[in-house]
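Let me give you the structure first, and then I'll get to my questions.
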Amino acid sequence: MCVFCRIVKGELEAYKVYETDDLIVIMDKYPVSKGHLLVITKQHYESVSDAPPGIVGEAFKVAAGLARFYKLEARAPGVNIVSNDGAAAGQEIFHFHIHVIPRWTYSRRIFAGRSTLTEELAEETYTLLRGVKEYLDNYLRGDGISPSYK
Ligand SMILES: [Zn+2]
């Protein structure tokens, strides 16, 4: 079983941020910035091109909601949303996931400078994400989100 399937089943620990019937959001173990998250399907699909369109849509909706939270609530000046598909594209874990990477400083290189998630950084990330569950619940229902981002 792959590492993400083991996290979904609770056999491996991860810092969980959000969950739906089909998805979990966890902190990346090797973050490139504070707040680097992964949106992961509960079902095993090898990559974005292997997953059914409905679940791909759900996963990207959650990723977009997280990006919106980071920009509007946490005041990140930028966010990368990316899914690596295939080893040639830099995919390392062959279970569909989407990276959500808030950018606090300018960077054109998405995966440069990865660190290791410490307990301290995880706590800081939870502080940064305070209120995100309610925010995403509202976002996914499509209500109560205003004003629109400019
Ligand atoms: Zn898996």
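Any read-out appearing in this document is the output of simple, stated calculations on the displayed coordinates, not a laboratory observation. Note that the structure is predicted; figures quoted are calculated from it, not measured. Glycine also receives a Cβ, built like all others from the backbone with ideal geometry; neighbour counts cover every protein chain displayed.
Can you give the charge dipole size of the chain about its Cα centre, rounded to the nearest 20 debye, using +1 on the beta carbon of Lys and Arg and -1 on the beta carbon of Asp and Glu?
Here the size comes out at about 640 debye.
Using amide H atoms built in the peptide plane, which far-off residues or other-chain residues are under 5 Å from ASN80 H to H?
ILE101, ARG103
Using θ = phi - 60° and the Karplus form 6.51 cos²θ - 1.76 cosθ + 1.60, what ³J(HN,Hα) does each residue of region 31-47 get, whole Hz, x for Gly and Pro?
These are the phi-based 3J(HN,Hα) values: x, 8, 8, 5, x, 4, 10, 10, 9, 10, 6, 6, 7, 7, 10, 5, 6 Hz.
Net charge near LEU37, counting Lys/Arg +1 and Asp/Glu -1 over other residues with Cβ under 12 Å of its Cβ?
+2
Turning to a different aspect of this structure: DSSP loop trypsin sites (Lys or Arg not before Pro) in region 60-110 with at most 11 other Cβ atoms within 10 Å of their Cβ, which ones?
Hits after loop and neighbour filter: ARG75, ARG108, ARG109.
Can you give me the span-like helices of the chain, meaning DSSP H runs with 20 Å or more of Cα extent along the axis and Kyte-Doolittle mean at or above -0.5?
Qualifying helices: 53-68.
Would you calculate the separation in nanometres between label points at THR116 and ARG141, each defined as 7 Å from the Cα along the Cα-to-beta-carbon direction?
Label at THR116, label at ARG141, 4.2 nm between them.
Report, in deg cm²/dmol and to the nearest 500, the calculated mean residue ellipticity at 222 nm for the chain, where each DSSP H run with n ≥ 4 adds -39500 (n - 2.57) and the sum is divided by the residue count.
Value at 222 nm, helices only, nearest 500: -8500 deg cm²/dmol.
Select from TYR15, THR118, THR105 the residue farthest towards the positive end of the dipole of the chain; place +1 on Cβ of Lys and Arg, -1 on Cβ of Asp and Glu, and compute about the Cα centre.
So the residue furthest toward the plus end is THR105.
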